[in-house]
Amino acid sequence: MTIQYVPDDKLSSISSRLKTGDLAIFIQDQEGIFAAHMGILIRDAKGQLVLRNATSIGLKQVVDLPYNELVDYLVKSKRLMGLSFIRPLSTIK
C-alpha cells in the first residue's frame with residue numbers, strides 16, 4: 001500500500017491551504033503500521049490553525065496544539081515522518 005503524505009519539512013508551506021474540519025494523520029516509519037495518531041484541524045476565532053486531539057500519555061484529555069508547534073514536534077521526531085490529510089465532504093446525501 002502506498003500512502004501519500006506531506007513530509008515534516010514541507011508542512012509549514014501548506015498551512016494556508018488547510019481548513020477547519022480537515023483530518024491530520026501522523027505518518028510513522030514503523031513497518032506495517034503507517035498511522036501513529038490523528039486529530040482534527042481547526043481555525044480559531046483569530047484564524048490560528050490548531051490540531052485538536054486526545055492525548056494518550058499521562059492525563060488523558062482533549063488538547064489544542066498550535067500548528068506551528070505541531071510542525072516543530074514532527075521535525076524533531078525520529079519516528080514520525082509527516083502528515084497525511086483527509087478533507088471530509090461537507091454534505092451528506
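The values are calculated or read from the model by the stated rules, or taken from the named source; none is laboratory data. In this text the structure is predicted, and so the values were computed from the model without any measurement. Because the Cβ atoms are built from the backbone with ideal geometry, glycine has one as well, and the counts that use them run over all protein chains shown. Remember, those area values only see protein heavy atoms, side chains included, never the ligands or the DNA or RNA. Shrake-Rupley method; radii C 1.70, N 1.55, O 1.52, S 1.80 Å.
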- Message: In whole percent, and with a 1.4 Å probe on the protein chains, what portion of the accessible area of the chain is carbon and sulfur?
- Response: 56 percent
- How many nm is it between the label spots at Gln28 and Ile86, if each spot is 7 Å from the Cα in line with the beta carbon? 1.8 nm
- Which entry in (1) 3, 13, 23, 26, 19, 12, 4, 1, 0; (2) 2, 10, 9, 13, 14, 15, 12, 9, 7, 5, 3, 1, 0; (3) 3, 12, 20, 19, 20, 15, 8, 3, 1 matches P(r) over Cα pairs in 5 Å bins from 0, in percent derived from the coordinates of this structure? (1)
- Query: What ³J(HN,Hα) values, in whole Hz, does the Karplus curve 6.51 cos²θ - 1.76 cosθ + 1.60 give for the stretch 15-30 when θ = phi - 60°, with x put for Gly and Pro?
  - Reply: 4, 5, 8, 8, 10, 4, x, 5, 9, 10, 10, 6, 9, 10, 9, 6
- Might you tell me the accessible area per residue for the chain, computed with a 1.4 Å probe and given in Å²? 72 Å²
- For the chain, calculated [θ]222 nm from helices alone, where every DSSP H run of n ≥ 4 adds -39500 (n - 2.57): -3000 deg cm²/dmol
- Item | J(HN,Hα) series, the stretch 42-48, from Karplus relation 6.51 cos²θ - 1.76 cosθ + 1.60, nearest Hz, glycine and proline x | 9, 9, 6, 4, 8, x, 6
